[in-house]
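Throughout, read-outs are computed from the coordinates displayed, never taken from laboratory work. In this text, all values refer to a predicted model and were calculated from it rather than measured experimentally. Note: ideal-geometry Cβ built from the backbone for every residue, glycine included; neighbour counts use all protein chains shown.
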Amino acid sequence: MSAAAPSLLDSLHQLMQSGVAAGWLPAMLQYGFVINALVAGLLLGPLLGGLGTLVVVKRFAFFSEAVGHAALTGTAIGILMGEPMTSPYGSLFGFCILFGLLLNYLRGRTGLSPDTLIGVFLAVSLALGSSLLMVLAARINIHILENVLFGSVLTVNGRDLAVLAIVTAFTLAALHRTYNRAMLASFHAPLAQARKLPVQWLDYVFVMLVTLITVAAVKVIGALLVGALLVIPAATARLLAGSMRSFFWLTVIFATVCTLTGIAVPVALDIPVPSGAAIILCAGALFLVAVAISARRSQAVH
């Protein structure tokens, strides 16, 4: 995979650059970092959209935000342990997976409401992460931290795409096997249990998938904003969809369009906006349009 991926990526770069030279592709595609970012967006958009439907149905929006913020702490731990500053994947995956699994384990065992427990974990993780980052501030380039917080298309490289491709393959395989059962368990847990579905196991699979996608998306969208892209396109689609099938596909389309638009537009217009912020602003604008359409539909019915 590591040998094949760069070769495939190099071929894609050459193809795009040939298209630019021939005049049938936009000039921004002559840059390798733009191509890398768009490939990442093509992988991330559908994944975040598909998983976002479960996040909204399960009411796990706050949980996905907490995992995203945990990525900040994982990054700080990795840099302190000597991992590469731009890709501390060992600590990122390790800390965030432990964070998500422990949070899910305690969710039904403390007597606290899920929001309260998530709030505790989020606060502790942020406090730990900010403290570690203050220790690191004198030793590393502060722009690296900005990239982690808000995403940056400039930092996406072949290694990041290889990690994302692996996460994509694993997530698609897991969703193919568990999506319908997880959706049933989310809508009607007693019915799922009556059908002998492993509801708790499905919850753990879901937590793992949210965590993996969150970590893989940090480079493009940023730790502070990745949770929003799991929620906003799904919320937008839910306002417009007339069935579960259309809810799923609209979410995938919205997440993909917003991701690619948020990556491409700032580069094309030379606007110094972090990619994560641009992606979420695009998703937010789409949500407002959906709210207006939904309100008009309600008025027409009444």
Exercise. Which whole-Hz couplings ³J(HN,Hα) result when phi for each residue of the stretch 258-271 is put into the Karplus expression 6.51 cos²θ - 1.76 cosθ + 1.60, θ = phi - 60°, listed in order with x for Gly and Pro?
Worked result: 5, 5, 5, 5, x, 7, 7, 5, x, 5, 5, 9, 6, 9
Problem set entry | Per-residue ³J(HN,Hα) for the stretch 154-169, Karplus 6.51 cos²θ - 1.76 cosθ + 1.60, θ = phi - 60°, Hz, x for Gly and Pro | 5, 9, 6, 10, x, 5, 4, 5, 5, 4, 5, 5, 5, 4, 4, 4
Exercise. Roughly speaking, what is the stretch gain from R296 to S113, that is 0.36 nm per residue apart minus the C-alpha to C-alpha distance, in nm to one decimal?
Worked result: 62.3 nm
Seminar exercise, completed: Most fluctuating of G49, G111, G284 in the GNM of the chain (C-alpha, under 10 Å) is G111
Exercise. Where a ≥ b ≥ c are the square roots of the eigenvalues of the C-alpha gyration tensor, would you call the stretch 42-188 rounded, which needs a/c under 1.5, or, failing that, prolate if a/b is larger than b/c, or oblate?
Worked result: oblate
Problem set entry | Ranking of S130, S243 by count of other Cβ atoms within 10 Å, fewest first | S243, S130
Seminar exercise, completed: Treating only Lys and Arg (+1) and Asp and Glu (-1) as charged, each at its beta carbon, one finds that the chain has a dipole about its Cα centre, in Debye to the nearest 20, of 1060
Problem set entry | Hz values of 3J(HN,Hα) by residue in the stretch 190-199 - Karplus curve (6.51, -1.76, 1.60), Gly and Pro given as x | x, 5, 4, 5, 5, 8, 6, 7, x, 4
Exercise. Roughly how many Å is it from the Cα centre of the stretch 49-114 to that of the stretch 26-47, as a whole number?
Worked result: 25
Seminar exercise, completed: Sites removed, the longest contiguous part of the chain containing no DSSP-loop trypsin sites (Lys or Arg not before Pro) with at most 14 other Cβ within 10 Å is 197-302
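Dipole of the stretch 125-273, Cα-centred, from +1 at each Lys and Arg C-beta and -1 at each Asp and Glu C-beta, to the nearest 20 debye? Walk me through the numbers before you get to the answer.
Details: 9 positive and 4 negative charges, 117 e Å.
My answer is approximately 560 debye.
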For this session: Just report the Cα centroid separation between the stretch 167-203 and the stretch 228-285, whole Å.
Result: 25
Seminar exercise, completed: With -39,500 (n - 2.57) per DSSP H segment of 4 or more residues and division by the full residue count of the chain, the 222 nm estimate, nearest 500 deg cm²/dmol, is -27500 deg cm²/dmol
